[in-house]
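*Asks:* Can you keep this structure in mind? I'll have questions shortly.
The values are calculated or read from the model by the stated rules, or taken from the named source; none is laboratory data. Just so it is clear, the structure is predicted and the values come from calculations on it, not from any experiment. Counting neighbours? That spans all protein chains shown, and the Cβs are built from the backbone with ideal geometry, glycine included. Ligands, DNA and RNA are stripped out before the accessible areas are found, and what is left, the full protein with its side chains, is counted by its heavy atoms. Shrake-Rupley method; radii C 1.70, N 1.55, O 1.52, S 1.80 Å.
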Amino acid sequence: MVKALNCPNCAATFGPNENVCEYCGSYIITSKAKQITFDSNEFKLANKKIFFHKIEMNKNEFPIRSGVANMYYSATKSDGGRLLLTNQRLIFCAHAFNINPNLYWELYLDEVDQAELGLNLLITQRIIIFDTEENKTTFVVYGGENWIIEIDRAVGLIKG
């Protein structure tokens, strides 16, 4: 039996295969897919709240791409979770199976200096995000080339 979820906005119960709360109309990103690209037009025209792991998106913020990811620290240490690219920021939320299940990382796109493709690990790839403070954050994702394309496109729209 699949467990029902509670809407982060109104606490109404909804099925885990549904993305919209029938009570308040909030959109909840719950996909278990390895990676998914969202249709931004669906969110631009809608007047509803959007949540990702109980995190409410900012005003005029909408998801672009989401997928399974590991925040990579070293060959022996990483945290698993989901990475979300929006039109305003990159967000990583660890899943509950980590030593640190409350790990949350975000970087606004205007703080991204560069995104580049790292090591190819047969079915996954590393993407490396450099911020304007010269910090480097590495993620292991499926479809790394697609992530880089989407990140570069979103950063380009922010920075003009």
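*Asks:* Of Glu111, Glu150, which has the most accessible area and how do the rest follow, probe 1.4 Å? Don't skip to the answer; put the middle values down first.
*Replies:* Details: Glu111 80, Glu150 35 Å².
If we order Glu111, Glu150 from most to least accessible, we get Glu111, Glu150.
*Asks:* Taking the Cα-to-Cβ direction at Thr13 and at Glu61 and moving 7 Å from each Cα, how far apart do the two end points lie in nm?
*Replies:* Distance between label points: 3.0 nm.
*Asks:* So if each residue of separation counts as 0.36 nm, and I subtract the Cα-Cα distance between Asp131 and Ile149, what length gain in nm does that give? All intermediate terms of the calculation are to be shown ahead of the outcome.
*Replies:* Working: separation 18, 0.36 × 18 = 6.48 nm, distance 1.68 nm.
Gain in length upon complete extension: 4.8 nm.
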